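The values are calculated or read from the model by the stated rules, or taken from the named source; none is laboratory data. This is a predicted model, so every value here is computed, not measured. Cβ placement follows ideal geometry from the backbone for every residue including glycine, while neighbour counts extend to all protein chains displayed.
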Amino acid sequence: SQQGEEDPQALSIQEGENATMNCSYKTSINNLQWYRQNSGRGLVHLILIRSNEREKHSGRLRVTLDTSKKSSSLLITASRAADTASYFCATIRSASKIIFGSGTRLSIRP
Amino acid sequence: GAGVSQSPRYKVAKRGQDVALRCDPISGHVSLFWYQQALGQGPEFLTYFQNEAQLDKSGLPSDRFFAERPEGSVSTLKIQRTQQEDSAVYLCASSLDRGLQQPQHFGDGTRLSIL
């Protein structure tokens, strides 16, 4: 079974609004990564946060990590139509121990 | 090339046939991963190479699945005697480092359909 679980499974918001997705995991990690996947394409890396970091920013993206609660969140501010995609968190425990969640499907309404 | 390239993009095979999926990683990337992605799900780890060495194959579903990376660059995932449950998208990813402290770069995948 997947270690990372995203919440919600699907999210539909109006263009310009903020979108928040959450990820929970079960065991200790080295780092946590967020990826985006457009339909029919491969995954694109968005941001990596290490286990000793609490928050990272990249453009309109903000990621938080709470290792005590074993959870992470991805915030996309001022959403655009091009943000429509599936978003996955991936937990990394070692060089090959990487587990993806089942994803959040984000739809941005114009 | 600039990114990870996978071929073919689509593959249709009859049950029982053998298939081979190819991955060209980014030049110089040490690590290479294969994933299987079912519709509406996240990628599931299949196997991991560090250069030409296959260090982890714990995710391969059965002994019908075989992967190789003989010269430490191009990799091939082979599925023998395909079955309908093998239908999925197979993704390849490469990474610059050994420890996944760097992002993975994904190809667009091979969509495999077994009839």
For the range A:37-67, which residues satisfy the criterion of being within 15 Å of A:THR77 (Cα to Cα), basic (Lys, Arg) and in contact (Cβ under 8 Å) with a residue 12 or more places away in the chain?
A:ARG60, A:ARG62
Could you tell me which of the residues A:SER79, A:SER39 is in a loop (DSSP other than H, G, I, E, B), on the phi < 0 side of the Ramachandran plot and modelled with pLDDT under 95?
A:SER39
Within the range B:81-115, work out how many residues are among the basic types (Lys, Arg) and modelled with pLDDT under 95.
1
A:SER24 being at pLDDT below 95, away from chain B (no Cβ under 11 Å) and under 23 Å from B:LEU39 (Cα atoms)
yes
Can you list the strands (runs of 3 or more DSSP E) lying wholly within the range B:1-112 that have 1 or more residues being surrounded by fewer than 17 Cβ atoms within 10 Å (Cβ to Cβ), more than 10 Å from chain A (Cβ to nearest Cβ) and out of contact with any His (no Cβ under 8 Å at 6 or more places or on another chain)?
B:5-7, B:10-13, B:19-24, B:53-56, B:65-68, B:75-79
Return the residue satisfying two criteria in turn: it lies in the range A:36-49 and is within 8 Å of chain B (Cβ to nearest Cβ) and within 14 Å of the chain's Cα centre (by Cα), and of such residues it is surrounded by the most Cβ atoms within 10 Å (Cβ to Cβ).
A:LEU43
The condition of being within 20 Å of A:SER102 (Cβ to Cβ) and in contact (Cβ under 8 Å) with a residue 12 or more places away in the chain holds, among B:GLN36, B:GLN84, B:GLN41, only for B:GLN36
Here is a check on your reading of the model: is A:LEU61 within 14 Å of chain B (Cβ to nearest Cβ), modelled with pLDDT of 95 or more and closer than 15 Å to A:THR91 by Cα?
no
Subset of the range A:68-88 that is of a type in the set (S, T, N, Q) and in contact with a strand residue (DSSP E or B) (Cβ under 9 Å, 6 or more places away or on another chain) - its residue that is surrounded by the fewest Cβ atoms within 10 Å (Cβ to Cβ)
A:THR77
